[in-house]
Amino acid sequence: MGTRHTTPESRKAATQVRYRIERGGERLWRYDDFPGVPPSALAQALSRLTRQGTLRRVSKGVYYRGRETAFGRSVPNPTAIRKLASGGKGIFPAGVAAANLLGFTSQSAGRGEVATSGFRLPRKLLGRDTVVHTRRPEGWAALSETEAALLDFMRNGGRMSELAPEETVRRLINLCRHPRRFERLVKVAATEPPRVRAMLGAIGEQLGKSARALKGLRESLNPVSRYDFGVLRALPAADRWQAKKERRG
């Protein structure tokens, strides 16, 4: 087998990269974390550290430096992975994960489910079985994780809730009482489906918001349309916000 030759430049880069990684402790590393290091020399250094077991390659251009624990070698933090996978786009829990975050269910999804305002997310970082809902409105990026989860919950008509309909509604209203939360949801409502805007109107009425505050939501709805509220049909003001009638029998 041939001998791999190294240049002074690559040896200097390897020393610099190893020094930074060893001082950085447990964390994820990307090429962008080594400004000033020539790309080819950086690639060689990271590859060598991976072969030596110092790093673990998580995805293309992404490496993880672990630490020894009582249960073996540590694994990357899921939150850090999701943040990295988002590429600067918002990434939020969806489906059962959103309902769990909000306290509507104690279930944990058998596989991950997330929503993002981006067009795609790296499957290798998130896991092959993760369900990804893409192209959520850009306005979601200005929301907290809880607020985005509320919109996802409403998009699903509250169907992920394990609580009785009336209890689901009470919890939803209490979550929306958080200071300025309802106003932030209304601010991005224009990019939500009409049924979500109608639900927000019914929630706002229950919160005691004035007709003036809810005028934009009201005027955004087709007055002859009816919307499927799902479990949230239990909102007291659902009829006044054009919820479909419950099916009997």
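Taking the numbered list (1) closer than 17 Å to V196 by Cα; (2) in contact with a strand residue (DSSP E or B) (Cβ under 6 Å, 6 or more places away or on another chain); (3) modelled with pLDDT of 80 or more in turn, M160 passes all entries but (2). Applying the criterion of being part of a helix (DSSP H, G or I) and touching a Gly at 6+ places or on another chain (Cβ under 7 Å) to the residues of the range 188-237, the residue that is surrounded by the fewest Cβ atoms within 10 Å (Cβ to Cβ) is T191.
Scanning the range 238-249 for residues that are at positive phi and surrounded by fewer than 11 Cβ atoms within 10 Å (Cβ to Cβ) yields a count of 1. The residues of the range 148-160 include none that are of a type in the set (D, E, K, R) and touching a Leu at 6+ places or on another chain (Cβ under 6 Å). Cβ-Cβ distances below 6 Å connect the following pairs, each with a first residue in the range 138-154 that is modelled with pLDDT of 85 or more, a second residue that is assigned to a loop (DSSP other than H, G, I, E, B), and a separation of six or more residues or different chains: D152/A94.
When L232, L163, L172, L185 are checked against the criterion of being in contact with an Asp or Glu (Cβ under 9 Å, 6 or more places away or on another chain) and closer than 21 Å to A99 by Cα, L185 stands alone in meeting it.
The values are calculated or read from the model by the stated rules, or taken from the named source; none is laboratory data. Because the structure is a prediction, the values reported are computed rather than measured. Because the Cβ atoms are built from the backbone with ideal geometry, glycine has one as well, and the counts that use them run over all protein chains shown.
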